[in-house]
Amino acid sequence: MSLLKPTVALNKVTDIHLPLLRRLGTDAILLDVDNTLASPTSKIPYDGVKEWLAEIQAGGVQIVICSNNYKKRIRPFADSLGLDCVAMSMKPFPFGFNRAKRKLREKPQSVVVVGDQVYTDVLGANLAGMKSILLEPQSEEHGFSIMVRRKMEKGIRRKLLEQKQHEKHS
């Protein structure tokens, strides 16, 4: 499970705060879009995302969007938030993560990948030598491939929840 285990698991992107990022040694974040910053296909970010981005950037953390989606979806969304992006990043393969890392001029160990999928975001971050923050999906999706991945993730997410509960009671 180690390649599929995130560094941290949280509910939503706005639950990530600067003290956590400092503890992780983070200088940069690679952000997924769908179910992380916005509903799939939406051009509007979830409530609080713009304010969260401003807070994180004010803390000196660089941010690049890194998505498997097409440029025609990701570029306008990134532009609306004032962010650079890497579209068609082919997660979980490290190619897109490495392109984003080069844009940021950061070492892998100072980069955190944030997203809602174990088999793309977390696996890809681990393969690229980066840390990861796994989020709960914020919207429902109905595509066949995402439904298969969500079903495959259930056991991993259950183990993470059990670990969190055990840590609370220890």
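Taking the criterion of being of a type outside the set (A, V, I, L, M, F, W, C) and either touching a Ser or Thr at 6+ places or on another chain (Cβ under 6 Å) or closer than 15 Å to Gln138 by Cα (or both), the residues of segment 44-62 that qualify are Pro45, Tyr46, Asp47, Gly48. Here Ala87 meets the list (1) in contact with a helix residue (DSSP H, G or I) (Cβ under 9 Å, 6 or more places away or on another chain); (2) within 16 Å of Val122 (Cα to Cα) almost entirely, failing just condition (2). Would you check if Gly96 is crowded, with 19+ Cβ neighbours inside 10 Å, at pLDDT below 95 and assigned to a helix (DSSP H, G or I)? Taking the combined requirement at face value, the residue satisfies it. Check segment 67-82 and report whether any residue there is open to solvent by less than 10 Å² (accessible area, probe 1.4 Å) and of a type in the set (Phe, Trp, Tyr). The answer is yes; a qualifying residue exists. Checking the structure you have, find out if any residue of segment 77-84 is under 15 Å from the mean Cα position of the chain (by Cα), under 26 Å from Leu4 (Cβ atoms), outside any strand (DSSP E or B) and not charged (D, E, K, R). There is no residue in segment 77-84 that is under 15 Å from the mean Cα position of the chain (by Cα), under 26 Å from Leu4 (Cβ atoms), outside any strand (DSSP E or B) and not charged (D, E, K, R).
The set of residues from segment 66-76 being farther than 20 Å from Ile16 by Cα and outside any loop (DSSP other than H, G, I, E, B) comprises Lys71, Lys72, Arg73, Ile74, Arg75, Pro76.
Taking Ile63, is it among the hydrophobic types (A, V, I, L, M, F, W, C) and either in a loop (DSSP other than H, G, I, E, B) or open to solvent by less than 10 Å² (accessible area, probe 1.4 Å) (or both)? Considered against the rule, which asks whether it is among the hydrophobic types (A, V, I, L, M, F, W, C) and either in a loop (DSSP other than H, G, I, E, B) or open to solvent by less than 10 Å² (accessible area, probe 1.4 Å) (or both), Ile63 comes out as no. Residue count for segment 1-38 satisfying the condition of being open to solvent by 30 Å² or more (accessible area, probe 1.4 Å), polar (S, T, N, Q) and either out of contact with any Phe, Trp or Tyr (no Cβ under 9 Å at 6 or more places or on another chain) or closer than 15 Å to Pro76 by Cβ (or both): 3. For the criterion of being part of a helix (DSSP H, G or I), at pLDDT 90 or above and open to solvent by 70 Å² or more (accessible area, probe 1.4 Å), Gln163 fails. Counting residues in segment 74-83 that are of a type in the set (Ser, Thr, Tyr) and farther than 25 Å from Ala58 by Cβ gives zero.
Lys103 falls short of the stated requirement of being surrounded by 14 or more Cβ atoms within 10 Å (Cβ to Cβ), charged (D, E, K, R) and touching a residue at least 40 places away in the same chain (Cβ under 8 Å). Beta carbons closer than 6 Å, at least 6 apart along the sequence or on distinct chains, pair a first residue in segment 1-24 that is closer than 25 Å to Pro45 by Cα with a second that is basic (Lys, Arg) and modelled with pLDDT of 95 or more for Thr7/Lys131. If only residues of segment 43-60 that are free of Cβ contacts under 8 Å to residues at least 24 places away in the same chain and part of a loop (DSSP other than H, G, I, E, B) are counted, the one that is least open to solvent (accessible area, probe 1.4 Å) is Ile44.
Taking the conditions (1) among the small types (Gly, Ala, Ser); (2) modelled with pLDDT of 95 or more; (3) on the phi < 0 side of the Ramachandran plot in turn, Gly48 satisfies each one other than (3).
The values are calculated or read from the model by the stated rules, or taken from the named source; none is laboratory data. Since this is a predicted model, take the numbers as computed values, not measurements. In this analysis, Cβ positions are derived from the backbone assuming ideal geometry, glycine residues included, and neighbour counts consider all displayed protein chains. These area figures cover heavy atoms from the full protein model, side chains too; ligands, DNA and RNA do not enter into them. Shrake-Rupley method; radii C 1.70, N 1.55, O 1.52, S 1.80 Å.
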